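In what follows, a structure is listed as structure tokens, so that the remarks can point back to it.
The values are calculated or read from the model by the stated rules, or taken from the named source; none is laboratory data. Here the structure is a predicted model, which means the values were calculated and not measured. Note: ideal-geometry Cβ built from the backbone for every residue, glycine included; neighbour counts use all protein chains shown. Only protein heavy atoms, including side chains, enter the accessible area calculation; ligands, DNA and RNA are left aside. Shrake-Rupley method; radii C 1.70, N 1.55, O 1.52, S 1.80 Å.
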Amino acid sequence: MTAALKITNPADGSALAEVAADDAASVAAKFSRARRAQPAWAATPLAERSAAIRRFRAAVEHELETLARTLTQEVGKPLQQSKNELNGFLGRIDFFLAEVENTVAPETVFADGAMTERIDHDPLGVVANVSAWNYPYFVGGNVFVPALLTGNAVVYKPSEYATRTGLAIVERLHAAGVPAEALVAVVGAGDTGAALVAGPVDAVFFTGSHATGLRVARAAAEHLALVQLELGGKDPIYVCDDVDPKIAAAAVADGAFYNTGQSCCSVERVYVHEAIYAQFLETFVAEVKGYKVGDPLAESTYLGAITRRPQLAVLKRQVADARRKGARLLLGGEQLKKKGNWFAPTVLADVDHSMLLMREESFGPIIGVQAVADDDAAVDLMNDTEYGLTAGVYTPNAKRARRILARVNAGSAYWNCCDRVSPRLPWSGRKHSGIGLTLSTYGIETFTRPKALHLRSG
């Protein structure tokens, strides 16, 4: 251990805690302990591993109010949205528990006389889980829950912006019966994460920026470790001319501004058919004006603080660039003059793809709305991005929706909804949005390696 990691409240800048950070030596020592513990954890019957996760689930449910408050204090997320995350996390645990046994059961694929061919699913080994701050229960839990259930040891690095939440998770998993050496937390910023992924881990699951993801992949390649990267998005929505503009505007606004726009699948670009463009904008702006900005601990708050202070400069640069190039500022557009990290909910109209706002990830309460002439123009613009996480369309016409979504290059596609993740569906990105997947039964299989067994009797 070296320096202390200082944890502050982004809503007011107050100090919350100081936690000892791991250096390269302590990361290596913790990894070694996890490596030694993994075989015994893998040999533990699945029923016992599942029982530990069920006890962990019960603890999270019992302490939900306290855990939600801790999360809100350190990331600035409105308290009700923190509670929503924790309640959703319980459902994800339920899915993993219900599906893991059948998903990893041995498969006999051929049997003929003396010869049997079977596939077993072995754990990967030691998994590095480098997690994110915006949804630490969702993003981290998509990894550590199925990883532990399938017999892996996990070295878990919570984001430095959600350290107290990460440590609270680990403490409750240990109390629930997961051995301390089978789940190890490392604490720190980027240098701690770099030390972890540079070690001889068997797999790296990382959530963060594209630039950091590339560095993670290069480091993991030195050990030929399996790599899965969730690297964000620039998620588009197309609103067709046959919708009710008021209904669509309310739904899309929530998709853009929920969690203060700090979600990988937040709506970041809106394309509206020119026939309803003016009506949509009027309703959309009115909807956003109604969002309460304020103390994240207040139950009525909808928009909280920006977690990372450097993101304020990104948002200001995107607004200035868009206005300089001809966009109309309809709402917001500036950092709020109050303690902490605050940015006004911002709507810009008449944007285009020459603007940073429509090309670079915003990750904040800011959105651009562009008029389009027809479906073909919308699809072209939706695909005009380096990212490919999610994309959606609003129309009452199912055939029209299917035609549009079939042409969109994204890992998740939405019809008349957005900003949604389900444990039953794979969560994956294309292009700069990442490689690999979590969630669904495919996501459980991700934490195993198939072993081909050729079995001849006699």
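For the reader, a short list of remarks on this structure follows.
- Carbon plus sulfur fraction of accessible area for the chain, probe 1.4 Å, in percent: 53
- Positive-pole candidate from GLN279, SER32, PHE110, dipole of the chain, charges at beta carbon: SER32
- Annotation: average projected area of region 307-442 is 9.8 square nanometres, based on the convex hull of Cα atoms across all directions.
- Among beta bridges identified by DSSP and lying wholly in the chain, the antiparallel ones come to about 40 percent.
- Evaluated with a Cβ-only charge set (Lys, Arg +1; Asp, Glu -1), region 222-320 carries a dipole of roughly 560 debye about its Cα centre, given to the nearest 20.
- Per residue, in Å², the accessible surface of region 340-458 once ligands and nucleic acids are set aside, probe 1.4 Å: 43
- Percentage of interatomic Cα-Cα distances in region 19-140 larger than 23 Å: 53
- Reachable aspartates and glutamates from LYS316, criterion Cα separation under 14 angstrom, eight or more residues apart if same chain: GLU334, GLU360, GLU361
- Taking the C-alpha atoms only, the angle from helix 46-62 to the longest principal axis of the chain is near 40 degrees.
- Crossing angle, helix 310-324 versus the chain [Cα axis fit, 0-90 degrees, rounded to tens]: 30
- Percent RCO, i.e. relative contact order, over region 68-200, from Cα pairs under 8 Å lying at least 6 residues apart: 21
- Surface calculation, 1.4 Å probe, protein heavy atoms: THR66 sits at approximately 90 Å² accessible.
- Viscosity 0.890 mPa s, temperature 25 °C, Stokes-Einstein D of region 370-447 from Kirkwood C-alpha radius, µm²/s: 182
- From its DSSP helices (H runs of at least four residues, each -39,500 (n - 2.57)), the chain gives a residue-normalised ellipticity at 222 nm of -13000 deg cm²/dmol.
- Subset of LYS399/LYS431; LYS30/LYS339; LYS6/LYS431; LYS30/LYS451; LYS157/LYS339 violating a 32 Å alpha-carbon distance limit: LYS30/LYS339; LYS6/LYS431
- Phi-derived couplings, Karplus 6.51 cos²θ - 1.76 cosθ + 1.60 at θ = phi - 60°, listed residue by residue for region 238-248: 10, 9, 6, 7, 9, 9, 7, x, 5, 5, 5 Hz, with x used for Gly and Pro.
- A cut-off of 5 Å between modelled amide H atoms, ignoring neighbours fewer than 5 places along the same chain, links ILE366 with THR346.
- Distance in nm between pseudo-label sites at ALA17 and ASP376 (7 Å out along the Cβ direction from Cα): 5.8
- Solvent-accessible surface (1.4 Å probe) assigned to TRP427 amounts to roughly 20 Å².
- C-alpha long axis of helix 64-75 to longest principal axis of the chain, angle in °: 60
- The local environment of ALA256, defined by Cβ-Cβ distances under 15 Å, has a net charge of -2 under the rule Lys, Arg +1 and Asp, Glu -1.
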